[in-house]
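The values are calculated or read from the model by the stated rules, or taken from the named source; none is laboratory data. This is a predicted model, so every value here is computed, not measured. When we count neighbours, we look across all protein chains shown, and the Cβ atoms used for this are built from the backbone with ideal geometry, even at glycine.
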Amino acid sequence: MKIGIIGAGHIGGTLTRRFRALGHEVFVANSRGPETLADFAAETGATAVTVKEAQPAGSPGRIALPVAGDHKAAKAVVLKLIDELGFDGVDAGGLDDSWKQQPGSPVYGTDLDAEGVRLALSEAKPDRLPGFRATSGAAAPVKRPNDWREAPESTAR
Ligand SMILES: NC(=O)c1ccc[n+]([C@@H]2O[C@H](COP(=O)([O-])OP(=O)(O)OC[C@H]3O[C@@H](n4cnc5c(N)ncnc54)[C@H](OP(=O)(O)O)[C@@H]3O)[C@@H](O)[C@H]2O)c1
(Lines give C-alpha, C1' and ligand atoms only; values in the text may rest on other atoms or scores of the structure.)
Protein backbone atom coordinates (compact mmCIF):
# COMPACT_ATOMS: atom_id res chain seq x y z
CA MET A 1 0.00 0.00 0.00
CA LYS A 2 1.16 3.58 -0.61
CA ILE A 3 1.10 5.54 2.64
CA GLY A 4 1.72 9.26 3.14
CA ILE A 5 2.82 10.40 6.60
CA ILE A 6 3.10 14.04 7.62
CA GLY A 7 5.47 14.29 10.56
CA ALA A 8 8.63 12.31 11.11
CA GLY A 9 9.00 12.68 14.87
CA HIS A 10 8.04 10.21 17.58
CA ILE A 11 4.80 9.12 15.97
CA GLY A 12 5.41 9.70 12.26
CA GLY A 13 8.89 8.25 12.53
CA THR A 14 7.65 5.13 14.30
CA LEU A 15 4.84 4.66 11.82
CA THR A 16 7.26 5.06 8.94
CA ARG A 17 9.59 2.42 10.35
CA ARG A 18 6.78 -0.01 11.11
CA PHE A 19 5.00 0.38 7.80
CA ARG A 20 8.28 0.02 5.93
CA ALA A 21 9.04 -3.13 7.90
CA LEU A 22 5.70 -4.48 6.71
CA GLY A 23 6.71 -3.75 3.13
CA HIS A 24 4.55 -0.71 2.47
CA GLU A 25 5.68 2.19 0.30
CA VAL A 26 5.93 5.19 2.61
CA PHE A 27 6.12 8.88 1.69
CA VAL A 28 7.11 10.96 4.68
CA ALA A 29 7.21 14.73 5.17
CA ASN A 30 8.14 17.16 7.91
CA SER A 31 7.91 20.94 8.24
CA ARG A 32 11.46 21.65 7.07
CA GLY A 33 11.47 19.89 3.72
CA PRO A 34 12.49 16.50 2.32
CA GLU A 35 16.21 17.33 2.25
CA THR A 36 16.21 17.29 6.06
CA LEU A 37 14.87 13.73 5.99
CA ALA A 38 17.59 12.27 3.76
CA ASP A 39 19.23 10.22 6.53
CA PHE A 40 15.88 8.98 7.80
CA ALA A 41 14.81 8.05 4.28
CA ALA A 42 18.06 6.17 3.70
CA GLU A 43 17.67 4.34 7.01
CA THR A 44 14.06 3.31 6.51
CA GLY A 45 13.71 3.07 2.74
CA ALA A 46 10.86 5.60 2.86
CA THR A 47 10.68 8.41 0.32
CA ALA A 48 11.13 11.89 1.75
CA VAL A 49 8.65 14.28 0.19
CA THR A 50 7.03 17.66 0.69
CA VAL A 51 3.85 17.92 2.75
CA LYS A 52 1.87 18.38 -0.43
CA GLU A 53 3.33 15.23 -1.95
CA ALA A 54 2.59 13.26 1.21
CA GLN A 55 -1.08 14.03 0.78
CA PRO A 56 -1.70 14.01 -2.98
CA ALA A 57 -4.66 15.69 -4.60
CA GLY A 58 -7.89 13.81 -4.13
CA SER A 59 -6.66 11.69 -1.26
CA PRO A 60 -9.16 10.97 1.52
CA GLY A 61 -8.92 13.42 4.36
CA ARG A 62 -7.32 16.21 2.32
CA ILE A 63 -9.42 19.28 2.97
CA ALA A 64 -11.41 20.37 -0.05
CA LEU A 65 -13.08 23.63 -1.03
CA PRO A 66 -15.92 24.11 -3.50
CA VAL A 67 -15.50 26.60 -6.32
CA ALA A 68 -18.42 27.87 -8.37
CA GLY A 69 -18.16 30.20 -11.34
CA ASP A 70 -19.34 30.80 -14.88
CA HIS A 71 -15.94 31.65 -16.35
CA LYS A 72 -14.22 28.32 -17.00
CA ALA A 73 -10.69 29.70 -17.33
CA ALA A 74 -11.04 31.80 -14.17
CA LYS A 75 -12.40 28.83 -12.28
CA ALA A 76 -9.46 26.72 -13.46
CA VAL A 77 -7.07 29.35 -12.09
CA VAL A 78 -8.80 29.32 -8.71
CA LEU A 79 -8.79 25.51 -8.61
CA LYS A 80 -5.05 25.53 -9.37
CA LEU A 81 -4.35 28.10 -6.65
CA ILE A 82 -6.28 25.98 -4.16
CA ASP A 83 -4.19 22.97 -5.15
CA GLU A 84 -1.00 24.99 -4.70
CA LEU A 85 -2.12 25.88 -1.21
CA GLY A 86 -2.42 22.17 -0.44
CA PHE A 87 -6.17 21.75 -0.64
CA ASP A 88 -8.44 20.00 -3.12
CA GLY A 89 -10.64 22.22 -5.23
CA VAL A 90 -14.03 20.82 -6.12
CA ASP A 91 -15.81 22.21 -9.16
CA ALA A 92 -19.16 23.23 -7.74
CA GLY A 93 -20.71 24.30 -11.03
CA GLY A 94 -21.68 27.75 -12.24
CA LEU A 95 -22.76 30.83 -10.31
CA ASP A 96 -26.31 29.53 -10.41
CA ASP A 97 -25.09 26.66 -8.24
CA SER A 98 -23.18 28.83 -5.77
CA TRP A 99 -26.13 28.93 -3.35
CA LYS A 100 -25.16 25.37 -2.43
CA GLN A 101 -22.19 26.73 -0.49
CA GLN A 102 -23.81 29.76 1.10
CA PRO A 103 -23.46 30.26 4.87
CA GLY A 104 -25.44 27.63 6.71
CA SER A 105 -25.40 25.13 3.85
CA PRO A 106 -24.11 21.61 4.60
CA VAL A 107 -20.66 22.33 3.11
CA TYR A 108 -20.17 25.75 4.72
CA GLY A 109 -17.42 26.04 7.33
CA THR A 110 -16.51 22.36 7.20
CA ASP A 111 -13.19 20.54 6.73
CA LEU A 112 -14.55 17.88 4.39
CA ASP A 113 -12.47 16.10 1.78
CA ALA A 114 -13.39 16.15 -1.91
CA GLU A 115 -15.87 13.32 -1.64
CA GLY A 116 -17.44 14.90 1.44
CA VAL A 117 -17.71 18.28 -0.29
CA ARG A 118 -19.46 16.71 -3.29
CA LEU A 119 -21.87 14.94 -0.99
CA ALA A 120 -22.56 18.07 1.06
CA LEU A 121 -23.18 20.10 -2.09
CA SER A 122 -25.64 17.48 -3.27
CA GLU A 123 -27.46 17.72 0.06
CA ALA A 124 -27.90 21.50 -0.10
CA LYS A 125 -31.45 22.71 -0.42
CA PRO A 126 -32.36 25.86 -2.30
CA ASP A 127 -34.06 27.81 0.46
CA ARG A 128 -31.84 30.33 2.18
CA LEU A 129 -31.61 30.09 5.91
CA PRO A 130 -33.56 32.88 7.61
CA GLY A 131 -30.40 34.35 9.10
CA PHE A 132 -28.84 34.83 5.69
CA ARG A 133 -31.84 35.94 3.70
CA ALA A 134 -31.65 39.42 2.21
CA THR A 135 -33.65 41.85 4.34
CA SER A 136 -34.63 44.30 1.59
CA GLY A 137 -37.99 44.15 -0.14
CA ALA A 138 -36.15 42.75 -3.16
CA ALA A 139 -35.45 39.51 -1.37
CA ALA A 140 -36.42 36.47 -3.37
CA PRO A 141 -39.56 34.77 -2.10
CA VAL A 142 -39.00 31.57 -0.19
CA LYS A 143 -40.41 28.69 -2.15
CA ARG A 144 -40.71 26.10 0.55
CA PRO A 145 -40.11 25.82 4.28
CA ASN A 146 -36.55 25.68 5.35
CA ASP A 147 -35.67 22.31 6.83
CA TRP A 148 -31.90 22.70 6.97
CA ARG A 149 -30.03 22.57 10.16
CA GLU A 150 -29.91 25.98 11.80
CA ALA A 151 -26.76 28.01 11.14
CA PRO A 152 -24.83 29.10 14.23
CA GLU A 153 -25.54 32.71 15.17
CA SER A 154 -21.85 33.55 14.98
CA THR A 155 -21.73 32.98 11.20
CA ALA A 156 -24.62 35.39 10.50
CA ARG A 157 -23.64 38.57 8.68
N1 LIG B 1 4.10 11.43 21.12
C2 LIG B 1 2.98 11.13 21.76
O3 LIG B 1 2.94 10.32 22.71
C4 LIG B 1 1.65 11.72 21.31
C5 LIG B 1 0.50 11.31 21.95
C6 LIG B 1 -0.73 11.83 21.54
C7 LIG B 1 -0.77 12.77 20.52
N8 LIG B 1 0.38 13.17 19.92
C9 LIG B 1 0.28 14.13 18.85
O10 LIG B 1 0.80 13.55 17.64
C11 LIG B 1 1.45 14.54 16.87
C12 LIG B 1 2.90 14.14 16.62
O13 LIG B 1 3.51 13.95 17.86
P14 LIG B 1 5.05 13.56 17.95
O15 LIG B 1 5.32 13.17 19.36
O16 LIG B 1 5.40 12.57 16.89
O17 LIG B 1 5.73 14.97 17.65
P18 LIG B 1 7.23 15.29 17.27
O19 LIG B 1 8.14 14.18 17.68
O20 LIG B 1 7.51 16.65 17.78
O21 LIG B 1 7.21 15.33 15.67
C22 LIG B 1 6.44 16.26 15.00
C23 LIG B 1 6.70 16.06 13.54
O24 LIG B 1 5.72 16.81 12.83
C25 LIG B 1 6.38 17.65 11.89
N26 LIG B 1 5.59 18.85 11.72
C27 LIG B 1 5.23 19.77 12.62
N28 LIG B 1 4.51 20.75 12.06
C29 LIG B 1 4.42 20.44 10.75
C30 LIG B 1 3.85 21.07 9.64
N31 LIG B 1 3.17 22.22 9.76
N32 LIG B 1 3.95 20.48 8.43
C33 LIG B 1 4.61 19.30 8.31
N34 LIG B 1 5.19 18.66 9.33
C35 LIG B 1 5.11 19.23 10.53
C36 LIG B 1 7.73 17.93 12.50
O37 LIG B 1 8.61 18.32 11.48
P38 LIG B 1 9.87 19.24 11.85
O39 LIG B 1 10.74 18.45 12.75
O40 LIG B 1 10.50 19.50 10.51
O41 LIG B 1 9.33 20.48 12.47
C42 LIG B 1 8.06 16.56 13.09
O43 LIG B 1 8.59 15.70 12.11
C44 LIG B 1 1.33 15.84 17.67
O45 LIG B 1 0.19 16.52 17.18
C46 LIG B 1 1.11 15.36 19.07
O47 LIG B 1 0.42 16.32 19.83
C48 LIG B 1 1.60 12.68 20.31
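Using the structure shown, decide if P34 is within 12 Å of the ligand (Cβ to nearest atom), of a type outside the set (F, W, Y) and either over 23 Å from E123 (Cβ atoms) or crowded, with 19+ Cβ neighbours inside 10 Å (or both).
When the stated conditions are applied, P34 passes them.
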Exercise. Within segment 1-26, can you find the residues that are surrounded by fewer than 16 Cβ atoms within 10 Å (Cβ to Cβ) and near the ligand (Cβ under 10 Å from one of its atoms)?
Worked result: G9, H10, I11, T14
Exercise. Is there any pair with a first residue in segment 19-36 that is part of a helix (DSSP H, G or I) and a second that is near the ligand (Cβ under 6 Å from one of its atoms) whose Cβ atoms are under 7 Å apart and which are 6 or more apart or on different chains, and what are they?
Worked result: T36/N30
Seminar exercise, completed: So, first residue in a strand (DSSP E or B) in segment 2-13, second residue at pLDDT 95 or above and within 6 Å of the ligand (Cβ to nearest atom), Cβ within less than 6 Å, six or more apart or across chains; the pairs are I5/G12; I6/A29
For this session: State which residue pairs qualify: first residue in the same structural domain as G86 (by TED's automatic domain parsing) and inside segment 50-64, second residue modelled with pLDDT under 80 and in a helix (DSSP H, G or I) in any location, beta carbons under 9 Å apart, and separation of 6 or more residues or different chains.
Result: none
For this session: For G45, work out the one condition from (1) at pLDDT below 95; (2) more than 14 Å from the ligand (Cβ to nearest atom) it doesn't fulfil.
Result: (1)
